[in-house]
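Undergrad: Here it is, the structure, as C-alpha cells.
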C-alpha cells in the first residue's frame, strides 16, 4: 500500500467543475458570523459537488480574508449567491422545487440517521454559531434534521455539522 | 415547531460523561499542526461519546490556547493521551484489539460508503494537514478508508474529515 500522489487523485480543474453536473443540493447559510466557517463550507461544497451556497443576512461572502484562508481556492469553483434575507432565499428555493431542510434542535426534528430518503432537490439551512436558525425561517421549512449528540456540549461546530449532513446526503446518493 | 431551549437538550455533565459507556472508537491524531483542528476533534469526540483521543508526535495537547478556543470545554470531558510517536500508539492499540483504520488516499483505500461494517473496537488515524499520515504508520494499519471527493481540491479539512468519519461510524452503531 502506498499513498497516492496529488496527480493520481484525478481532481478536476475549475472550468471542468463548473460544467460538471452537481448533486441536487443547495447549502444556505443563515447569518453565519465567521468567515472561517464560511470558507470551510466552500471547501466541503467543492469536494461534494454541491450546486451552490446561498450566503444570507450578515454571512460574510468573498472577497474576504477568513474565507480565503479556509476555502483554499474553493470559492473559485463553487457557485455562490448573496441574499440580504434568508426568508427571501427560502421562498425562492421553494418556488424552484427544493425541499427546505433546517438543521436545528427543535420539538419536531428528525434525527439524521432516521431521516426520510432524498426524493427531490434539497436546500439545507445552517444557522448562526450561537443562535442557530432564525425564528422567522422555521415556518418555511419542510422538515428539520438534528445530529444526535450524547456529550456535554450543546452543539457541534457549524462547519463540522455541514460536513456531516452533506456527507449523509452524498453517501445516500452514491449508495 | 419551536427550537428547544438549552435545558431541554438534556446534555450530561462532565462527571456523568466520564462514567457513561463510550462507543468503541478511539481517535488518533498523527502530527496534526493546528490546535484549532485538535480542539475541533475534542468537541466532536464529546458529542459522539468517543473513548479517547491519542495526540501523537507534535500534535498540540491541552493546555493550549487554540485547543481551548475550538473545544469550548470538551477537553475537560473527553479523555486524551499524549504519545511521542504515532507508531508506538498504533502498536499499543493493536495489542488491545483495536482495528487500526487510516484515513488516507492510498492505492488500496476503501471508499467510506463502501467500507466493511464495524465488527470490533476501532482506532481511526487522521494525519497531518499537509502531508497526511506518516509513511511508517502505513504497514501497521489494518485498512484505509477514503472519503470520495469530486471537486477541485485535493482533500477536505482534517477536522471536517473527522466529523464525517466519526458520524459514519456512530450512524452505523445507532442503526
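None of the figures in this text is laboratory data; all of them are computed from the coordinates on show. This is a predicted model, so every value here is computed, not measured. Cβ: placed from backbone, ideal geometry, glycine included. Neighbour counts: every protein chain shown.
Undergrad: Does region A:129-175 come out rounded, prolate or oblate by the C-alpha gyration tensor, with a ≥ b ≥ c the root eigenvalues, rounded set by a/c under 1.5 and, if not, prolate when a/b is larger than b/c and oblate if not?
TA: oblate
Undergrad: Also, quick follow-up: For residue B:84, go 7 angstrom from Cα along the Cα-to-Cβ vector, then report the distances to that same point in the other copies in nm, smallest first.
TA: 6.3
Undergrad: Next up: In degrees between 0 and 90, to the nearest 10, how far off the longest principal axis of chain B does helix B:86-95 point, with axes built from Cα atoms?
TA: 80 degrees
Undergrad: Have a look at A:142, A:84, A:15 and tell me which one the Gaussian network model of chain A (Cα, springs below 10 Å) gives the largest fluctuation.
TA: Largest GNM mean-square fluctuation: A:15.
Undergrad: List, shortest first and in nm to one decimal, how far the label point of residue A:121 (7 Å from Cα along Cα→Cβ) is from its counterparts in the other copies.
TA: Those label-point separations list as 4.8 nm.
Undergrad: Next up: How far, in nm to one decimal, is residue B:95 from itself in the other copies if the label point is set 7 angstrom along Cα toward Cβ? Shortest first, please.
TA: Label-point separations across copies, in nm and ascending: 6.7.
Undergrad: Could you tell me which of rounded, prolate or oblate describes region A:17-173, using a ≥ b ≥ c as the square roots of the eigenvalues of the alpha-carbon gyration tensor, with rounded for a/c under 1.5 and, failing that, prolate when a/b is larger than b/c and oblate otherwise?
TA: Because its axes are fairly even, with a/c under 1.5, region A:17-173 counts as rounded.
Undergrad: Related question: Could you give the angle, 0 to 90 degrees to the nearest 10, between helix A:35-47's Cα long axis and the longest principal axis of the Cα atoms of chain A?
TA: Helix A:35-47 sits roughly 60 degrees off the main axis of chain A.
Undergrad: Then there's this: Among A:13, A:132, A:102, which one shows the highest mean-square fluctuation when chain A is modelled as a Gaussian network with alpha-carbon springs under 10 Å?
TA: A:13
Undergrad: Hey, what did region A:17-173 get for relative contact order, percent, Cα under 8 Å, at least 6 apart?
TA: 27 percent
Undergrad: Can you work out the base-10 log of I(q)/I(0) for region A:84-153 at q = 0.17, 0.22 1/Å, using the Debye formula on its C-alpha atoms alone?
TA: With no solvent term, the Cα-only Debye profile gives -0.63, -1.00.
Undergrad: For chain B, set up a Gaussian network in which alpha carbons nearer than 10 Å are linked by springs, and say which option among B:51, B:146, B:81 fluctuates the most.
TA: Highest fluctuation among the options: B:81.
Undergrad: While we're on this one: For labels at residue B:175 and residue B:18 in the simple 7 Å Cα→Cβ model, what's the distance in nm?
TA: Taking the simple label geometry, residue B:175 and residue B:18 are separated by 3.5 nm.
Undergrad: Compute the acute angle (0 to 90°) between the alpha-carbon long axis of helix B:158-173 and the principal axis of greatest extent of the alpha-carbon atoms of chain B; round to the nearest 10°.
TA: 80 degrees
Undergrad: Since chains A and B are linked by a rotation, which residue in A has the beta carbon closest to its axis, and how far is it in Å?
TA: Per the Cβ-to-axis criterion, the result reads A:163, 2.
Undergrad: Related question: Quick check on region A:25-83: take the gyration tensor over C-alpha atoms, sort the square-rooted eigenvalues as a ≥ b ≥ c, and tell me if it's rounded (a/c under 1.5), prolate or oblate.
TA: Details: a/c = 1.71, a/b = 1.09, b/c = 1.58.
Judged from the Cα gyration tensor, region A:25-83 comes out oblate (a/c at least 1.5, b/c at or above a/b).
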